[in-house]
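Laboratory data are not the source of any read-out in this text; all were calculated from the coordinates shown. Quick caveat: nothing in here was measured; it's all calculated off a predicted structure. Methodologically, a virtual Cβ is constructed for each residue, glycine included, from the backbone with ideal geometry; neighbour enumeration extends over all protein chains shown.
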Amino acid sequence: MQSLTNRSKVVSNKQLSFAERLYLPAIFGGLRITFKHMFKKKVTVSYPEQQRDHGRIYRGQHVLKRDEQGRENCTACGLCAVACPAEAITMIAGERKKGEEHLYREEKYAVEYNINMLRCIFCGLCEEACPKDAIYLTDRIAESNYERGQFIFTKDKLVEGIEQDKRIDVSDRRKAVRNGAM
Amino acid sequence: MPKVTIDDITIEVPAGTTILEAARQIGVNVPPAMCYYSKLKGSGGKCRVCLVKVTKGSDRDPRPMPKLVASCRTAVMDGMEVRNVTSPEVIEARRGVVEFLLVNHPLDCPICDQAGECHLQDLSYDHGLSKSRYEFERRTFERIDIGDKIQLHMNRCILCYRCTQVAEQLTPERVHGVLYRGEVSEISTFIEQAVDNEMSGNMIDVCPVGALTDKTFRFKSRVWFTKPMYAHRDCPTCSGKVTLWYQGAEVLRVTSRKDKWGESEGFICNTCRFDKKQTIDWTIEGPADVDRHSVISQNHYELPYELPVNQKKLSN
């Protein structure tokens with residue numbers, strides 16, 4: 001049958017010449033490429049001692065933001081979880097009790113908020129879906145591990161610190177999300 | 001029988017039918033309704049979102065009606081011509097009404113348990129503006145306790161009066177109602193923690209917004225993470241036909257079945273609604289009909305039926 005794409009190759013069974021049968025030219029050709037690379041600039045860096053610069057709006061590990069008064073923004077509305085194409089986000093909502101007003105901004109909050117980092121594809125749809133300015137991707141690289149269980153990031157890894165110096169700056173990322181430049 | 005033309009579609013309906021009911025019989029471009037409820041007598045005429053333009057009164061008196069009319073309370077006349085979505089005036093007026101409904105609404109959808117099945121949410125999405133022009137302080141209320149099963153959020157109420165009609169028509173004694181008048185009116189009970197009638201839970205189903213919600217479902221999940229299934233049981237007090245809202249194998253909530261217009265198909269009693277939350281209490285009929293554009297059908301990748309080809313393979 002005639003090929004539709006004209007990209008198929010015709011296989012030939014022609015005999016190898018003597019030089020080809022020696023394989024030496026091919027071996028030296030390969031070694032030449034190998035040695036050439038030894039004198040080139042390395043493409044890798046030894047992370048974490050050395051770190052590469054990221055783009056201003058790099059999409060790395062998530063953060064759950066607090067507001068200026070240190071209260072968690074997240075109200076466990078579930079829009080990030082329904083927007084997530086990888087279904088990485090799960091949460092359990094709870095009602096804020098009396099005396100917790102300084103911890104949570106609204107009467108409902110996320111008791112548990114888990115992101116499965118093995119499922120997450122860092123697409124940023126969660127931050128776009130968030131109506132409460134709560135979740136952002138940051139320029140931090142999500143930490144690695146040898147065990148799969150450790151990749152389910154819970155609130156203690158996701159929520160930023162309450163002190164001003166432990167806050168995570170997401171102003172560039174926030175601007176990018178609002179302007180639609182993902 | 002009178003013939004009525006709505007948006008250039010003519011239909012013949014029995015005398016005394018309202019324009020809204022005639023439009024529902026046609027089935028496309030139906031005016032929205034926030035307060036009208038076909039199963040409750042005397043409902044309608046309050047929210048004004050169902051406004052339509054009558055361009056020809058009837059065959060006998062072809063003059064147009066001078067103002068937009070509420071289609072839920074206006075009966076059709078023979079030869080009447082109505083414009084709904086084809087009239088820019090109606091769209092404009094409805095936009096204004098939606099803005100008025102949202103004037104005091106807290107817009108706390110991320111917290112509200114009704115989000116995802118809220119008629120006001122759909123309505124503002126369809127007609128409203130994305131931003132509020134209202135600059136004054138919204139009405140807020142101290143939260144009052146009206147019982148251990150029903151949660152009242154007066155801030156979200158749009159005063160449609162459906163819940164008072166449920167109490168009046170389904171229960172022997174109404175113990176809650178609308179207090180005060182005009183801008184300061186509010187839903188309240190005469191005595192705190194008083195709503196405990198066996199049919200009182202239907203207030204939750206008829207409420208078009210999140211003002212009355214199920215306390216046993218409060219903050220448990222979001223409607224789009226639950227999977228609705230039709231089920232029934234032999235109930236001595238009600239029809240026993242319900243929708244079970246599953247999350248995994250757990251029944252989080254029981255509601256009545258909703259028809260195409262978001263109205264209850266049959267009212268259910270509080271025993272069915274609040275006390276029977278085990279699968280063994282029910283005979284499961286199958287997945288509930290959910291509009292595929294609804295957020296409730298999001299992320300449910302499982303098919304509601306078995307593929308015919310699979311069945312064929314099994315039989316061979």
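Only aspartates and glutamates eight or more places from B:K149 in sequence, or on another chain, were considered; those with a Cα closer than 15 Å are B:D113, B:E192, B:D196, B:E198, B:D205, B:D214, B:D275.
Using the Karplus relation 6.51 cos²θ - 1.76 cosθ + 1.60 with θ = phi - 60°, the per-residue 3J(HN,Hα) values for the range A:55-62 come to x, 4, 10, 4, 9, x, 4, 6 Hz, with x marking Gly and Pro. Across the range A:124-141, coupling constants 3J(HN,Hα) worked out from phi with the 6.51/-1.76/1.60 Karplus curve, θ = phi - 60°, read x, 5, 5, 5, 6, 7, 5, x, 10, 6, 9, 10, 9, 8, 10, 8, 7, 8 Hz, and Gly and Pro carry x. For A:A93, nonlocal amide neighbours, meaning residues 5 or more places apart or on other chains whose placed amide H falls under 5 Å from its own, are A:V111.
The Rg/Rh ratio for the range B:24-106, using Cα coordinates for both the radius of gyration and the Kirkwood hydrodynamic radius, is 0.99. Taking chain A as a whole, the Cys residues whose C-beta sits 4.7 Å or farther from every other Cys C-beta are A:C74, A:C77, A:C84, A:C120, A:C123, A:C130. Based on DSSP H segments of at least four residues, each scored -39500 (n - 2.57), the protein assembly as shown has a per-residue ellipticity at 222 nm of -5000 deg cm²/dmol. Based on every Cα atom in the protein assembly as shown, Rg and the maximum pairwise Cα distance Dmax equal 30.4, 106 Å. Sorting the segments B:201-212, B:23-34, B:127-138, A:135-146 by their mean number of nearby beta carbons within 10 angstrom, highest to lowest, gives B:201-212, B:23-34, A:135-146, B:127-138. Between A:V111 and A:S17, the distance separating the two model label sites (each 7 Å from Cα on the Cα→Cβ line) works out to 7.8 nm. Taking a straight Cα-Cα cut-off under 20 Å and skipping sequence neighbours fewer than 8 places away in the same chain, the aspartates and glutamates within cross-link reach of B:K3 are B:E12, B:E21, B:D59, B:D61, B:D78, B:E81. Over all Cα atoms in the range B:223-297, the spread is summed up by Rg and Dmax: 11.7, 36 Å.
Would you mind giving the average projected area, over all directions, of the Cα convex hull of chain B in nm² with one decimal? The partial results should precede the final answer.
On the way: hull surface 79.7 nm².
Averaged projected hull area, Cα only: 19.9 nm².
If you find the alpha carbon centre of the range B:238-281 and of the range A:13-73, how far apart are they in angstrom? Spelled out, the Cα-based centre of one part sits 57 Å from the other. Each residue of the range B:107-121 was assigned a 3J(HN,Hα) from its phi angle through the Karplus expression (A = 6.51, B = -1.76, C = 1.60, θ = phi - 60°), giving 6, 9, 3, x, 9, 5, 6, 7, 3, x, 10, 8, 6, 5, 5 Hz with x at Gly and Pro.
Could you tally the net charge around A:A129, taking each other residue with its Cβ under 15 Å from the Cβ of A:A129, Lys/Arg +1 and Asp/Glu -1?
Spelling it out: positives minus negatives among the neighbours equals +3.
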